[in-house]
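Working notes, beginning with the structure itself.
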Amino acid sequence: MKRKYVQSRGRTLAVVLAAACAGSLLTGCGQSEDASEAAEEVLPVQVQQPEAGTLTLSNEFIGTVSPQESVYVIPMVSAEVLETGVSVGDTVEAGQVLCELDAEAAQLQLASAQAQYDSVAANVDAAQVGYEIAQAQYEGTVAQLDAQLGGQKNLQMYQLQIQVDAVEGGIDDIYEQLADLAEDKEDAEDQKDELKSVRDQANAYLAKAQADYQAAVTAVAALEPTDYADVEKLYSGDNPTYSSKDAYEYALQKAKEELESAESALEQAQTAASAASTAYEQAKAGIESIEDGEEQLQESLADTYKSLEQAQAIYNITEEQVYNDTQKVADTSKKTAALGVDSAAASVNAAQVGMESAQVAVDSAEYQLDMYTLTAPISGVIEAVNVEAHDFASPSSPAFVISNKDTMTLTFYVSEGIRNVLSVGQKIQADRNDRLYDAAITEIGSMIDQSTGLFAVKACVSAPDESLLTGTSVKIIADTYCQDQALLIPYDAVYYDDGQPYVYVAVGDMAERRDIETGIFDEETITVLSGLGAEEQVIVSWSANLREGAKVSVQTEADEE
């Protein structure tokens, strides 16, 4: 960091001039000491208001250029180099052949392993043929014994099984019939309940029709007395029921019509009640018939279960006791034939194990052979070629160095204070031969490097060119300290009194001292943290007579001209 702790050249010149003037006064300016004190001096000064802004300080470091990805291609075997296909500066792709080593010994080893594998594979084929023969013999023995022993037994058991199946089928049929009857019974019960409701409703209608009919008969009888004199009383006399004979006859006619209607309704209600009662009784009879059918099916089911028990007992006795001794002999013969199959299978397994071991040897020989061809593990540029044709390659030293220069890394070292203000992702610049490259910090070390006593910092250059060679040094420019929203004043306007910084401000026509707290600064500007207002007029010109309470005259540009 560049910091200046001296006043500017203009301030130094002013000191010299003031000293010269003071000397001339002492040696005879022609005025007495009393006269100079009597005349109060007015100092012409220049002022400037503090500016709110940001001050950023940058540091320079020395960094080293290296590829972000670099690999050493080391031979895995010691052998003579037959030929190389690349030179320093060549660009290669991942997997590209770099050189060939003498692989004659590895090829012989692979051929021997392959021959051993072929021999063992032939043994596997022979063992497989033996297994297939033994399997065929076993199957033939089993088929013959089954044909001799099982023919008659199987036929008898088949016939018995048919009987059992037939009885079980009969039981299933009975259960199906019972299920059908249960559904029919449930439907009949529902229908009976519906018919009972219909019957009760019809009887209620019948009772109402009978009541309506009796009421109509009574009404007609009241209007047709047997004595004609009684009839006349209904529409004449002292207190007649009807106003006239016509009214009486009309009422009588209406009563007769209502009687006929009631009689017709009674007949219909009687017919409906009779039909509903008949249907209800038929439904009850149907339910009883269904219940009789269920009872008969239950009896038939019990008899059928007895038949099933008998058939199953005969089947079990026949299966468990008949041909028992003969079956034991047949089983022994089958076991003997099975042992031959197991022995042949064991031979096949042993041969397969040997073939797998031989395959491992072949794979190992192929892997060894691959080591005699060196290929590029990454895409990049050949940085170094350490082998030539007829040289002897060895695992003790790398044959090639390949670097991926699509992205280059800058490594530089900083103190702990600067490390704490840097951040990952921060933008920096690298200067190589007056050419600037943009970079970003990718890694900040957390442990002191023992050789430098500093912390390592790495940055990434995403757009490098040919001038950023591996191992070259560059100048790193990074912002380290920054103060935002601070008051900025010229550095030369600050004075110090026993370490206390202060400035002079113009208040009216007088100079006043302001003690301040300062922050960071560069060659021209310093930040003020406290003690100074943004509207104050800071005196930025220097004078030997500038002090607290001095008379001042603020100069403008016109005054200076």
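The values are calculated or read from the model by the stated rules, or taken from the named source; none is laboratory data. In this text the structure is predicted, and so the values were computed from the model without any measurement. Methodologically, a virtual Cβ is constructed for each residue, glycine included, from the backbone with ideal geometry; neighbour enumeration extends over all protein chains shown. Accessible surface is based on the protein model in full, side chains and every heavy atom, while ligands, DNA and RNA are left aside. Shrake-Rupley method; radii C 1.70, N 1.55, O 1.52, S 1.80 Å.
In the stretch 438-456, the residues that are touching a residue at least 24 places away in the same chain (Cβ under 8 Å) reach residues that are open to solvent by 70 Å² or more (accessible area, probe 1.4 Å) and small (Gly, Ala, Ser) with C-beta atoms within less than 9 angstrom, at least six apart or across chains, in these pairs: Asp438/Ser462; Asp438/Ala463; Ala439/Ser462; Phe455/Ser446. Candidates Tyr372, Tyr367: the one that is of a type in the set (Ser, Thr, Tyr), under 43 Å from the mean Cα position of the chain (by Cα) and farther than 30 Å from Met408 by Cα is Tyr367. Tell me yes or no: at least one residue of the stretch 475-487 is loosely packed, with under 14 Cβ neighbours inside 10 Å and assigned to a loop (DSSP other than H, G, I, E, B). Within the stretch 475-487, none of the residues are loosely packed, with under 14 Cβ neighbours inside 10 Å and assigned to a loop (DSSP other than H, G, I, E, B).
Quick one: Val86 ticks every box in (1) touching a residue at least 40 places away in the same chain (Cβ under 8 Å); (2) assigned to a helix (DSSP H, G or I) bar one, so which box is it? Checking Val86 against (1) touching a residue at least 40 places away in the same chain (Cβ under 8 Å); (2) assigned to a helix (DSSP H, G or I), the one that fails is (2). Given the condition at pLDDT below 90, among the hydrophobic types (A, V, I, L, M, F, W, C) and open to solvent by 30 Å² or more (accessible area, probe 1.4 Å), answer yes or no: does some residue in the stretch 422-442 qualify? Yes - at least one qualifying residue is present in the stretch 422-442. Annotation: of all residues in the stretch 42-83 being part of a loop (DSSP other than H, G, I, E, B), of a type outside the set (Val, Ile, Thr) and over 45 Å from the mean Cα position of the chain (by Cα), the one that is modelled with the lowest pLDDT is Ser78.
Among the residues of this structure, Ser541 does not count as one that is touching a strand residue (DSSP E or B) at 6+ places or on another chain (Cβ under 6 Å), surrounded by fewer than 15 Cβ atoms within 10 Å (Cβ to Cβ) and modelled with pLDDT of 85 or more. Among residues of the stretch 348-400 being among the charged types (D, E, K, R) and surrounded by fewer than 19 Cβ atoms within 10 Å (Cβ to Cβ), the one that is farthest from Gln96 (Cα to Cα) is Glu356.
Please go through the stretch 489-521 and give me each residue that is of a type outside the set (Phe, Trp, Tyr), outside any strand (DSSP E or B), touching a residue at least 24 places away in the same chain (Cβ under 8 Å) and buried (at least 17 other Cβ atoms within 10 Å of the Cβ), ordered by number.
Asp492, Ala493, Val494
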